[in-house]
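Q: First the structure, which I've put down as structure tokens, then a few questions once you've had a look.
The values are calculated or read from the model by the stated rules, or taken from the named source; none is laboratory data. Just so we're clear, the structure is a prediction, and the values are computed from it rather than from any experiment. Note: ideal-geometry Cβ built from the backbone for every residue, glycine included; neighbour counts use all protein chains shown. Calculation scope for accessible area: heavy atoms of the full protein, side chains included, ligands and nucleic acids excluded. Shrake-Rupley method; radii C 1.70, N 1.55, O 1.52, S 1.80 Å.
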Amino acid sequence: MAGDFRIRLGHLVVLLLSFTFVQAFYIPGWSIKTYSDGETVPLFVNKVYSDNTQLQYAYSELPFVCPPSGRTYGGSALMSGTSISLNLGEVLRGDRIMVSDYELSMGKDEEARYLCSHKVDRKGLRRAQDLIKGGYVAEWIVDNLPGATSFVTVDKSRKYYAAGFKVGYEDFSPSTGKPRYFINNHVTL
């Protein structure tokens, strides 16, 4: 019986030592995806949020955002305007991830690309002004990474990134001094 115990103990020691030679990692809900040149990389739109309030809104439901066209991308099952299934953490964070109409191709630089034209009524403009005044930021996702805005410190010694991009900004007219509001409708990816 003592011999059986030594054999089992020996197997246990070998098993434990073998773990020191294995190196791996796993992030739940994330897997490595490699893209070939020319392959479509999906861009997902999520939500708009502000550090000034707890209220979040779905980006795709904003009155100044073009409605999804419903087209599919590169033979995949992704169709613009469809919601992406969420894990529990994303649901608790208030995520509302949808496939967008933006088309990104790996390794292909494009100077500019037209997405759509969209008329906004007065109610939609007031809503845009409220979001801009509230400091709302749009959250997009590309290849499981959040879109970000780069900033440079005042003394230009350091560059840093903040998640998302501002929905718009407020400026004041030099002639009247009244506030003017601008929606960020041109993006650099």
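Q: In segment 163-187, which residue that is among the aromatic types (Phe, Trp, Tyr) and more than 14 Å from Gly135 (Cβ to Cβ) is surrounded by the most Cβ atoms within 10 Å (Cβ to Cβ)?
A: Residue satisfying both the conditions and the ranking: Phe182.
Q: Report every pair of residues separated by at least 6 positions or lying on different chains whose Cβ atoms are under 7 Å apart, first residue within segment 48-70 and touching a residue at least 24 places away in the same chain (Cβ under 8 Å), second assigned to a loop (DSSP other than H, G, I, E, B) and polar (S, T, N, Q).
A: Qualifying pairs under 7 Å: Val48/Gln56; Tyr49/Gln56; Pro68/Ser80; Ser69/Ser80.
Q: What's the total number of residues in segment 94-108 that are part of a strand (DSSP E or B) and under 15 Å from the mean Cα position of the chain (by Cα)?
A: Final tally of qualifying residues: 7.
Q: Something else now. Can you tell me which residue is surrounded by the fewest Cβ atoms within 10 Å (Cβ to Cβ) among those in segment 38-88 that are over 18 Å from the mean Cα position of the chain (by Cα), more than 17 Å from Val142 (Cα to Cα) and hydroxyl-bearing (Ser, Thr, Tyr)?
A: Thr53
Q: Right, something else. Is it fair to say Lys133 is among the basic types (Lys, Arg) and over 20 Å from the mean Cα position of the chain (by Cα)?
A: Considered against the rule, which asks whether it is among the basic types (Lys, Arg) and over 20 Å from the mean Cα position of the chain (by Cα), Lys133 comes out as yes.
Q: Can you tell me which of Arg122, Arg127, Arg113 is exposed (fewer than 15 other Cβ atoms within 10 Å of the Cβ), within 18 Å of Ile183 (Cα to Cα) and modelled with pLDDT of 85 or more?
A: Arg122
Q: So, one more: Scan segment 151-162 residue by residue and report those that are open to solvent by 60 Å² or more (accessible area, probe 1.4 Å) and part of a strand (DSSP E or B).
A: Once the filter is applied, which keeps residues that are open to solvent by 60 Å² or more (accessible area, probe 1.4 Å) and part of a strand (DSSP E or B), segment 151-162 yields Phe151, Val152, Lys159, Tyr160, Tyr161.
Q: Go through Gly134, Gly168 for me and flag whichever is of a type in the set (Gly, Ala, Ser), without any contact (Cβ under 8 Å) to a residue 60 or more places away in the chain and farther than 25 Å from Lys33 by Cβ.
A: Going through Gly134, Gly168 in turn, just one is of a type in the set (Gly, Ala, Ser), without any contact (Cβ under 8 Å) to a residue 60 or more places away in the chain and farther than 25 Å from Lys33 by Cβ: Gly168.
Q: Quick check on Val91: is it at pLDDT 85 or above and either exposed (fewer than 10 other Cβ atoms within 10 Å of the Cβ) or under 19 Å from the mean Cα position of the chain (by Cα) (or both)?
A: no
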